[in-house]
1. Provide the per-residue ³J(HN,Hα) series for the stretch 68-76, in order, calculated from phi with Karplus coefficients 6.51, -1.76, 1.60 and θ = phi - 60°, each as a whole number of Hz, with x at glycine and proline positions.
2. Starting at the first residue of the stretch 4-15, write each ³J(HN,Hα) from the Karplus equation 6.51 cos²θ - 1.76 cosθ + 1.60 with θ = phi - 60°, in whole Hz, x for Gly and Pro.
3. Expressed as an acute angle from 0 to 90° and rounded to the nearest 10, what is the orientation of the C-alpha long axis of helix 57-66 relative to the principal long axis of the chain?
4. With no solvent and one equal point scatterer per Cα, compute the Debye intensity ratio I(q)/I(0) for the chain at 0.20 Å⁻¹ and report its log10, rounded to two decimals.
5. Which FRET efficiency, nearest 0.05, do Arg37 and Met16 yield, Cβ-Cβ r, R0 22 Å?
6. Carbon and sulfur: what percent of the stretch 12-83's accessible surface (1.4 Å probe)?
7. Over the chain, give the accessible area per residue in Å² for a 1.4 Å probe, as an integer.
8. Counting pairs of alpha carbon atoms under 8 Å apart in space and at least six apart in sequence, what relative contact order in percent does the chain give?
Amino acid sequence: HLPRAILFEAVPADWMRQLASVGAIGIVSDGRKLTERIARAIKQAGLGLATYTENDPEYAHRLLDYGVDSVITDRPDLLAGLA
């Protein structure tokens, strides 16, 4: 009964089928392998989206512009105030 997300290094073409097969409500993915098109499709489907591990403020800002809900980082000091 816990909400689940699927971790993908790169989001596969059949991501919707894979999420449905396990009842997941979100995706966690390598932010450097996430395209804007895929990010927007995931968000348009009403799903959560988080990326890992981004330490570059400029790239993290780009991910947020894609609609990503959360950016996982090793350097929160560099990304503070980004949202």
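The values are calculated or read from the model by the stated rules, or taken from the named source; none is laboratory data. Just so it is clear, the structure is predicted and the values come from calculations on it, not from any experiment. We place every Cβ from the backbone using ideal geometry, glycine too, and count neighbours over all the protein chains shown. Only protein heavy atoms, including side chains, enter the accessible area calculation; ligands, DNA and RNA are left aside. Shrake-Rupley method; radii C 1.70, N 1.55, O 1.52, S 1.80 Å.
1. Working through the residues one at a time gives 4, 7, 8, 10, 7, 9, 8, 10, x Hz.
2. Residue by residue, the stretch 4-15 yields 10, 10, 9, 8, 10, 5, 10, 5, x, 4, 9, 4 Hz.
3. Computed tilt is about 30 degrees.
4. -0.84
5. Details: r = 14 Å, r/R0 = 0.63.
E(calc), rounded to 0.05, equals 0.95.
6. Solvent-exposed carbon and sulfur of the stretch 12-83 make up 52 percent of the total.
7. The answer is 61 Å² per residue.
8. Relative contact order comes out at 24 percent.
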